[in-house]
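The values are calculated or read from the model by the stated rules, or taken from the named source; none is laboratory data. These numbers come from a predicted model, not from an experiment. Don't worry about glycine lacking a Cβ; one is built from the backbone with ideal geometry, like all the others, and counts go over all protein chains shown. The protein model used for the area step is the full one, side chains on, heavy atoms only, and it has no ligands, DNA or RNA in it. Shrake-Rupley method; radii C 1.70, N 1.55, O 1.52, S 1.80 Å.
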Amino acid sequence: MGMALPLFLAMWVAMMTAMMFPSVAPVAVLWVRAITRRPDSTPQQRAFRLSAFLSGYLVAWTVYGLAAFVAMLGTERLVDSSPGVAKWLGVGLFAVAGIYQFTPLKDVCLRHCRSPLMTFLRYANFKGRARDLKVGAHHGAYCVGCCWGLMVVLIAVGVMNVAAMTALAAVIFIEKLSPRRGMLERLVGLALIALAAAAAFHPELMPGLHAAGMSSM
């Protein structure tokens, strides 16, 4: 993509912040309220604790960003050397993303994110000076567990594809807030598997895996 790792990670963190903020807001609001309502803390302490919580959350997505950078670097080289294989890589990405929607790990992570009050009570037991950092990183790890499968779709459709980013952000938000547990994520999974099948015959569904698309990024 012509980007050094620091620049890519900065772009990735900014993108994840924009995409994930609506879905992480319920837990974040509860934790921020707990921080700001402590009568024995100063404004400086509250600001530090809030920064530690947000930093921990972003650490989880930064680690995932490192994996995404390696994956995209390998994908770019594959597109240059073997465009035919790149098409089947895109089909595989759609299929993996769809299949993951049906796994127990997806269900566990979604249950965590769908119960902000229970999550908050669990985090109240965290101790130590790095408590807020650990809470943010722990919650961020569950968010990654919910969404990493959907995010790999961006490799196929283009990391800078604004329409795809908007659609994924909407799906993630609705998944985490939907009261119909199990139904929505499975519908999304079926849609992604259908896209995998369609992409085998219509490579234009994967602009991010075309040589021109990769160079434009």
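Conditions (1) closer than 16 Å to VAL159 by Cβ; (2) in contact with a Gly (Cβ under 9 Å, 6 or more places away or on another chain); (3) among the polar types (S, T, N, Q), marked per residue:
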residue	(1), (2), (3)
LEU9	yes, yes, no
PRO22	no, no, no
ARG46	no, no, no
VAL59	no, yes, no
LEU66	yes, no, no
SER81	no, no, yes
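When region 153-168 is examined, which residues are found to be touching a helix residue (DSSP H, G or I) at 6+ places or on another chain (Cβ under 7 Å) and either in a helix (DSSP H, G or I) or modelled with pLDDT of 85 or more (or both)? Residues satisfying the conditions are VAL153, LEU154, ILE155, ALA156, VAL157, ALA164, MET165, LEU168.
The number of residues in region 56-81 that are open to solvent by 60 Å² or more (accessible area, probe 1.4 Å) and of a type outside the set (A, V, I, L, M) comes to 3. With respect to (1) modelled with pLDDT under 80; (2) open to solvent by 40 Å² or more (accessible area, probe 1.4 Å), the lone exception for PHE102 is condition (1). If only residues of region 1-32 that are open to solvent by 40 Å² or more (accessible area, probe 1.4 Å) and outside any helix (DSSP H, G or I) are counted, the one that is modelled with the lowest pLDDT is GLY2. Filtering region 114-152 to residues that are assigned to a helix (DSSP H, G or I) and touching a Gly at 6+ places or on another chain (Cβ under 9 Å) leaves ASP132, LEU133, LYS134, VAL135, GLY136, ALA137, HIS138, HIS139, GLY140, GLY149.
So that you can scan it fast, the table gives a plain yes or no per residue for (1) modelled with pLDDT of 85 or more; (2) out of contact with any Pro (no Cβ under 7 Å at 6 or more places or on another chain):
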{"residue": "ALA170", "(1), (2)": "yes, yes"}
{"residue": "PHE173", "(1), (2)": "no, no"}
{"residue": "LYS176", "(1), (2)": "no, yes"}
{"residue": "PRO179", "(1), (2)": "no, yes"}
{"residue": "MET183", "(1), (2)": "no, yes"}
{"residue": "ARG186", "(1), (2)": "yes, yes"}
{"residue": "LEU190", "(1), (2)": "yes, yes"}
{"residue": "ALA194", "(1), (2)": "yes, yes"}
{"residue": "ALA198", "(1), (2)": "yes, yes"}
